[in-house]
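**Student:** Below you will find the structure I want to go over with you.
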Amino acid sequence: MKHYPHVAVVILNWNGRFFLEKFLPSVYNSTYPNVTFVLGDNASTDDSVAFVSEYYPTIRIIRNHQNLGFAGGYNAVLSQVDADYYVLLNSDVEVTPSWIESVVAHLESQEGMVAAQPKIRAYHAKGHFEHAGAAGGFIDQYGYPFCRGRLFHVVEHDQQQYNENCEIFWASGAALFIRASAWKEAEGFDADFFAHMEEIDLCWRLKRMGYRIGYVSDSTVYHVGGGTLSTSNPKKTYLNFRNNLTMLQKNLPFFTACWVIFARMWLDLLALLKFLAERKLRDAWAVSRAHQHFFLYFFRHAKKRNRYTAQENKRGRYTKSIIWAFYVNKIQKFSQLKGDNFK
């Protein structure tokens, strides 16, 4: 008889009744034979928990006493879940019937691979990749994340151009498969991130421990995106700029971190000026606040450095500037980037 590792699909919810009502049926009807479903609730004030209790009584509900954000919320919930694999799934994701099987099989067959993501398409434009993950995440030398199928705001149409499984740098938190043992070894997300970039930081720490991260094209999910914070929300701008700097400080070698963060300060200043020119004053202020917070807590985050000393796996690192490639060289598709510029 074939062995199926125990998989726990864990959805973190905060006032998400609409998404749960719309997308839970597809998740609940997953065909994987050894799966349990968990709803982690971040102190919702709507009736989402009551809805799940009434219509999905077999789903386990774990309540957090307050809104701990994406990072802290998952840390608290997963500390109470026992499984071989965790699947961190956003509430605004529609899944396909066999979306679990191929990812788990790939992780089981690949030595050293501890986390992976499926192909992520856009729910409202199902022929296109979705911004938050697409066909796997990468990162450039200045810490800017991008994806196969998505460079900045340009999202590609899925024409099976990224249908081969491959090793990536980071897997999307919208549908993140991870071995429970690796999650515990890495001590989960950095709760100080609250939300945004915490999955990239986690994957980077795993790679510093020598592990591998994968993309599995045989599994497809459809993500709405912006379900909690829209892409134009100044709070999202603040969290992205703040957390990205913190991630660089934590994970780069000391001298590399010094010059990369120095360069990022100037690049962030250009972003701030661009926001001002577009009269997005709250976004400009968000960038300034992000820098203030970064320096205010600089020594707190410095203590988190050098925790992992194994040989770092650098696969998925782009050794050039993705900003230069996109805005100067006018490259708008991942496939146009030169392969020899990747580690």
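The values are calculated or read from the model by the stated rules, or taken from the named source; none is laboratory data. Quantities reported herein were computed from a predicted structural model and do not represent experimental measurements. In this analysis, Cβ positions are derived from the backbone assuming ideal geometry, glycine residues included, and neighbour counts consider all displayed protein chains.
**Student:** If we only count strands (runs of 3 or more DSSP E) wholly inside segment 80-130, which ones have 3 or more residues that are buried (at least 24 other Cβ atoms within 10 Å of the Cβ) and modelled with pLDDT of 95 or more?
**Tutor:** 85-89, 113-122
**Student:** Right, here's the next one. Mind checking which residues of segment 252-293 are free of Cβ contacts under 8 Å to residues at least 60 places away in the same chain, of a type in the set (K, R) and in a helix (DSSP H, G or I)?
**Tutor:** Scanning segment 252-293 gives K274, R282, R289.
**Student:** A follow-up question, please. Is it true that some residue in segment 294-309 is over 18 Å from A257 (Cα atoms) and assigned to a loop (DSSP other than H, G, I, E, B)?
**Tutor:** no
**Student:** Could you please let me know if E111 is in contact with a helix residue (DSSP H, G or I) (Cβ under 8 Å, 6 or more places away or on another chain), within 30 Å of Q159 (Cα to Cα) and in the same structural domain as R205 (by TED's automatic domain parsing)?
**Tutor:** The answer is no for E111.
**Student:** Can you confirm whether K2 is surrounded by fewer than 21 Cβ atoms within 10 Å (Cβ to Cβ) and outside the structural domain of P97 (by TED's automatic domain parsing)?
**Tutor:** For K2, the condition - surrounded by fewer than 21 Cβ atoms within 10 Å (Cβ to Cβ) and outside the structural domain of P97 (by TED's automatic domain parsing) - is met.
**Student:** Among the residues of segment 102-110, are any within 17 Å of the chain's Cα centre (by Cα) and among the β-branched types (V, I, T)?
**Tutor:** yes
**Student:** Take the residues of segment 135-186 that are at pLDDT 95 or above and on the phi > 0 side of the Ramachandran plot: which is surrounded by the fewest Cβ atoms within 10 Å (Cβ to Cβ)?
**Tutor:** Q160
**Student:** Sticking with this structure for a sec: Restricting attention to segment 109-143, report how many residues are under 16 Å from T96 (Cβ atoms) and among the polar types (S, T, N, Q).
**Tutor:** 1
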